[in-house]
1. Per residue, how large is the accessible surface of the chain? Use a 1.4 angstrom probe and give square angstrom.
2. In the structure displayed, which of Lys213/Lys236; Lys72/Lys112; Lys34/Lys201; Lys34/Lys177; Lys179/Lys201 lie more than 23 Å apart, Cα to Cα?
3. Which of rounded, prolate, oblate describes the range 1-71, given a ≥ b ≥ c as roots of the alpha-carbon gyration tensor eigenvalues and a/c under 1.5 marking rounded, otherwise prolate only if a/b is larger than b/c?
4. Taking the Cα centre of each part, how many Å lie between the range 158-219 and the range 50-88?
5. Roll a 1.4 angstrom probe over the protein heavy atoms and tell me the percent of accessible area of the chain that is carbon or sulfur.
6. How large are Rg and Dmax for the chain when calculated on the C-alpha trace, in angstrom?
7. For the range 1-110, with only Lys/Arg (+1) and Asp/Glu (-1) charged at the beta-carbon, what is the dipole magnitude about the Cα centre, in debye rounded to 20?
8. Using packing as a proxy for protection, rank 156-166, 204-214 so that the peptide with the highest average count of other Cβ atoms within 10 Å comes first.
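The values are calculated or read from the model by the stated rules, or taken from the named source; none is laboratory data. The structure displayed is predicted, hence computed values, not measured ones. In this analysis, Cβ positions are derived from the backbone assuming ideal geometry, glycine residues included, and neighbour counts consider all displayed protein chains. Note: areas computed on protein heavy atoms with side chains; ligands, DNA, RNA excluded. Shrake-Rupley method; radii C 1.70, N 1.55, O 1.52, S 1.80 Å.
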Amino acid sequence: MTSGAQMHALLPYNQYLHQFADYFQQGDMESNGKFVTKGGQRVNYQTGPIIWGAAGTNGQHSFYRLLHQGTKLVPTDFLAPATTHNLIRNSLHHRILLSNFFAQPEALAFGKTEAQVRKVRIALPILPASFSRPSIDSSLTLSRLLRWVFEGNRPSNIIIFPLLMPVTLGSLIALYKHKIFTQGVILGINSFDQMGVELDKVLANNILAQLGKPEDVKGHDSSTTDLIHYYHKYKKRVNGVWI
């Protein structure tokens with residue numbers, strides 16, 4: 001995991017992989033989201049990262065601004081096939097998709113400096129007076145320039161493969177599972193110890209037995225008790241059955 005980073009974004013440029021990040025939210029965070037080492041000591045460092053992401057250009061119109069210009073360091077993995085299964089317009093749509101796939105890591109790595117922004121903004125063509133745009137001249141202030149600056153130096157991995165096939169998907173899953181195991185070894189935690197998931201299950205079973213009647217609710221903190229009583233107050237009966 002990149003030093004100082006607490007998150008890791010998986011960004012597949014292929015609709016068939018649109019749930020790839022969801023799958024490894026479970027695989028990674030369930031395995032390495034622990035604060036106790038294999039030896040039973042509390043760690044004094046960050047363990048498993050927060051895993052998230054979305055497919056292709058949907059993410060570009062959603063959260064990429066934070067990746068490029070935000071204050072949080074988010075290492076990213078970009079995944080894409082060189083060849084598409086959908087040969088629409090001689091694969092034109094796929095080439096457009098791949099152009100974004102190649103451009104995003106380049107922008108994250110190298111960004112755009114203040115000098116580059118100043119050069120581009122000053123070189124913009126003259127527009128009609130009716131077109132509303134801030135004045136662009138040599139006195140353009142740094143505070144205004146910074147809105148277009150990309151600092152760069154944002155880490156990413158680029159994974160490109162010939163064609164998404166069952167064996168390719170299996171290889172990708174194996175790659176990320178091996179990453180989870182290796183990271184667990186480095187962190188000194190047991191990635192396969194699942195004892196910590198029992199608490200909410202025990203509590204849920206106790207609460208389930210109390211959802212029949214308000215007088216059964218007991219043994220909880222005041223907030224949880226009030227929430228369950230709210231449920232009892234507003235639950236409805238449909239065809240003789242409480243829902």
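1. Result: 65 Å² per residue.
2. On the way: Lys213/Lys236 13 Å; Lys72/Lys112 18 Å; Lys34/Lys201 18 Å; Lys34/Lys177 17 Å; Lys179/Lys201 28 Å.
Pairs exceeding the cut-off: Lys179/Lys201.
3. On the way: a/c = 4.33, a/b = 1.75, b/c = 2.47.
Oblate is the answer for the range 1-71, as a/c is 1.5 or above yet b/c matches or exceeds a/b.
4. Value for the Cα centre distance between the two parts: 23 Å.
5. 59
6. Final numbers for Rg and Dmax: 25.2, 76 Å.
7. 120
8. 156-166, 204-214
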